[in-house]
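First the structure, in the form of structure tokens, and then the observations on it.
The values are calculated or read from the model by the stated rules, or taken from the named source; none is laboratory data. Being a predicted model, the structure only gives us computed values, none of them experimental. Reconstructed Cβ throughout: ideal geometry from the backbone, glycine too, with neighbour counts over all protein chains shown.
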Amino acid sequence: MALAQRACSGTALVLCAVLVGPVHAAKVSDAAATHEWMSTPVRTAAEQMLAAMPDDYYSIKGVAAEKAIATGVPHVLDVREPNEFAVEHIPGAKNVPLRSLMTAIDDLPGDKAASLIVYCKTGHRGAIALAVLRMLGYANVLSLYGGLDGWKAAGFVIEK
């Protein structure tokens, strides 16, 4: 935990706590698995971040995503596995599997203000990717609400 705290700062520290905290809590005994493992600054930062979280929880719904993607402005990242991407994906999306995200940093936009939309099949991996990318300093990241399943249910185009 100390290593994760040293590696992160500000809002990113909160995301570290959210990602690392449950793992740490699961590894300690039941008696110690309380809030005591979290330092006061981390708890305060987490409370501030959650209180300030936007109504959309950094997600974008299908119609708005489709319009944004049509402009060509956002980078669209599919964080599913390559075999899933090969079957079907959103046109123009780049496959950066979640498990490879940290080793694919050089494949991401160098501009941390760049607009990014991330998605997976249903939204779970997309939400994790969103948290990691925000932790890395990307300020303009949105996760596609409902993932590719939601995209297809809305009748939007996919590539096969």
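Structural remarks
- Test: residue in segment 140-160 that is among the small types (Gly, Ala, Ser), closer than 16 Å to Leu101 by Cα, assigned by TED's automatic domain parsing to the domain that holds Glu81 and loosely packed, with under 14 Cβ neighbours inside 10 Å: no
- For segment 97-120, residues that are in a helix (DSSP H, G or I) and buried (at least 17 other Cβ atoms within 10 Å of the Cβ) total 2.
- Checking each residue in segment 121-139 for being in contact with a Lys or Arg (Cβ under 8 Å, 6 or more places away or on another chain) and either modelled with pLDDT of 95 or more or surrounded by fewer than 14 Cβ atoms within 10 Å (Cβ to Cβ) (or both) picks out Lys121, Arg125, Gly137, Ala139.
- The condition of being closer than 16 Å to Val132 by Cα and of a type outside the set (A, V, I, L, M, F, W, C) holds for only one of Pro82, Pro91, Pro109, Pro74, that being Pro109.
- Any chance Asp55 is surrounded by fewer than 15 Cβ atoms within 10 Å (Cβ to Cβ), assigned to a loop (DSSP other than H, G, I, E, B) and out of contact with any Lys or Arg (no Cβ under 6 Å at 6 or more places or on another chain): yes
- Of all residues in segment 51-95 being of a type in the set (A, V, I, L, M) and free of Cβ contacts under 8 Å to residues at least 24 places away in the same chain, the one that is nearest to Ala127 (Cα to Cα): Met53
- All of Pro91, Pro41 fail the test of being in a loop (DSSP other than H, G, I, E, B) and either surrounded by fewer than 19 Cβ atoms within 10 Å (Cβ to Cβ) or among the small types (Gly, Ala, Ser) (or both), apart from Pro91.
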